[in-house]
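The values are calculated or read from the model by the stated rules, or taken from the named source; none is laboratory data. Predicted, not measured: the structure shown is a model, and the values here were computed from it. Here Cβ is always computed from backbone atoms with ideal geometry, including for glycine, and neighbour counts include all displayed protein chains.
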Amino acid sequence: MVSILIPLYNSQEFIAETIESCLNQAYSNIEIIIVDDGSTDSSARIVQEYAHKYKNIKFYCQNNAGAPRARNLAFEKSKGEYIQYLDADDLMSENKISAQIEIAKTYNYAPDIIFSSKFSYFKKSIEDAKYFKQTIDKSYRSGMDWLRDSWSGGGFGVVMGWLTHRKLIQKAGKWDETLKKNQDGEFFSRVLLNAKRVIMTDNTMVYYRRTGSHSISASRSEEAIYSVLQSLKKYEKNIEKFNNKQLNEALAIMYANFVKEHYGIHTHIVKEAEKEIEKLGFDINKLPYRGKFGYLVSGMGFHNAVKIYRVLKRSK
């Protein structure tokens, strides 16, 4: 069985389509567990109507406490051997689960293998979705190798892209309920550190809806920026025991990219990130950055390169 776990908060416009995306999966041995996180709109009523109609939909409610707690509760209530996380406004191709389970079968459902998928952005309809191509869209011999490439600028994973064995999640631990942002990155960093292989399914697609609910101003708030920094520090704690220089360097690049994106905003937080790079034993001016930004750094140093980057970004 595959358990699809959905945290729900004020998604009355989208939750029905998301549920239909689950019900339309080619793989039928699924349960859908939805946890309402104190919604104030009609989301709960819509889900209740589905739950009355379909026996494999289970619905729970909690006081508003955030998506991580809702996901933890959904996991506790689930019974599936495999776990599929899905946000309340996102969608999956019909073969998403079936294709990944079919490959899992060839590996005798080994619990230390995690499966990934391509993803696209869309606003109104998946017919207009645009595939977000990344260099990490491939299989890896270990989850650690995937993290190394991702953190060093090769791309990122999305919550609904993964299909994860229950035992792998149990080994990694619960979602961190203290983080306000990047909870998924922190959670899956622990999952991937325990994964011996990452298998990419080229013929599947998941769809990330751009709703505009996460505004630029909100993402730039001090609380939000600091929470992202805290998640990176948790990455650091998660990898500490491995003492892997390549992974440490990749995380240093992650910190540097954090500095680049938030330069000039809440300077004390940015300086704290720069200190973490030094703690890891790296020079921010000598890290191997990708693309044109890397050329800028090599020619004029990191901070001057960031100033140029910020000017160019504002002009777009």
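Flag: residue 251 does not match the condition of being outside the structural domain of residue 154 (by TED's automatic domain parsing), touching a Lys or Arg at 6+ places or on another chain (Cβ under 7 Å) and outside any loop (DSSP other than H, G, I, E, B). Pairs linking a residue in segment 299-310 that is in the same structural domain as residue 252 (by TED's automatic domain parsing) to a residue that is at pLDDT below 95 and of a type in the set (Val, Ile, Thr), with Cβ atoms under 9 Å and 6 or more positions apart or on different chains, are 300/308.
Residue 88: aliphatic (A, V, I, L, M) and surrounded by fewer than 18 Cβ atoms within 10 Å (Cβ to Cβ), yes or no?
Numbers: aliphatic (A, V, I, L, M): yes; surrounded by fewer than 18 Cβ atoms within 10 Å (Cβ to Cβ): no.
Considered against the rule, which asks whether it is aliphatic (A, V, I, L, M) and surrounded by fewer than 18 Cβ atoms within 10 Å (Cβ to Cβ), residue 88 comes out as no.
Scanning segment 14-35 for residues that are charged (D, E, K, R) and touching a residue at least 40 places away in the same chain (Cβ under 8 Å) gives 17, 31.
Within segment 269-294, if we keep just the residues that are farther than 19 Å from residue 250 by Cβ and at pLDDT 95 or above, the residue that is farthest from the chain's Cα centre (by Cα) turns out to be 271. For segment 282-304, indicate whether the set of residues that are part of a helix (DSSP H, G or I), of a type in the set (Gly, Ala, Ser) and at positive phi is non-empty. Within segment 282-304, one or more residues are part of a helix (DSSP H, G or I), of a type in the set (Gly, Ala, Ser) and at positive phi. Could you tell me which of the residues 169, 199, 114, 225 is on the phi < 0 side of the Ramachandran plot, assigned to a helix (DSSP H, G or I), touching a strand residue (DSSP E or B) at 6+ places or on another chain (Cβ under 8 Å) and surrounded by 15 or more Cβ atoms within 10 Å (Cβ to Cβ)? Step by step, each of 169, 199, 114, 225 is checked, and only 169 is on the phi < 0 side of the Ramachandran plot, assigned to a helix (DSSP H, G or I), touching a strand residue (DSSP E or B) at 6+ places or on another chain (Cβ under 8 Å) and surrounded by 15 or more Cβ atoms within 10 Å (Cβ to Cβ). Against the conditions (1) hydrophobic (A, V, I, L, M, F, W, C); (2) surrounded by fewer than 16 Cβ atoms within 10 Å (Cβ to Cβ); (3) in a helix (DSSP H, G or I), residue 265 satisfies every one except (3).
Can you work out which of the residues in segment 295-315 that are within 27 Å of the chain's Cα centre (by Cα) and of a type in the set (Lys, Arg) is nearest to residue 232 (Cα to Cα)?
Applying the filter and picking the extreme gives 310.
The sole residue among 272, 278 that is exposed (fewer than 14 other Cβ atoms within 10 Å of the Cβ) and assigned by TED's automatic domain parsing to the domain that holds residue 236 is 278.
Close Cβ contacts (under 6 Å, 6 or more residues apart or on different chains) running from residues in segment 36-47 that are touching a residue at least 24 places away in the same chain (Cβ under 8 Å) to residues that are of a type in the set (Phe, Trp, Tyr) comprise 37/9; 39/9; 47/59.
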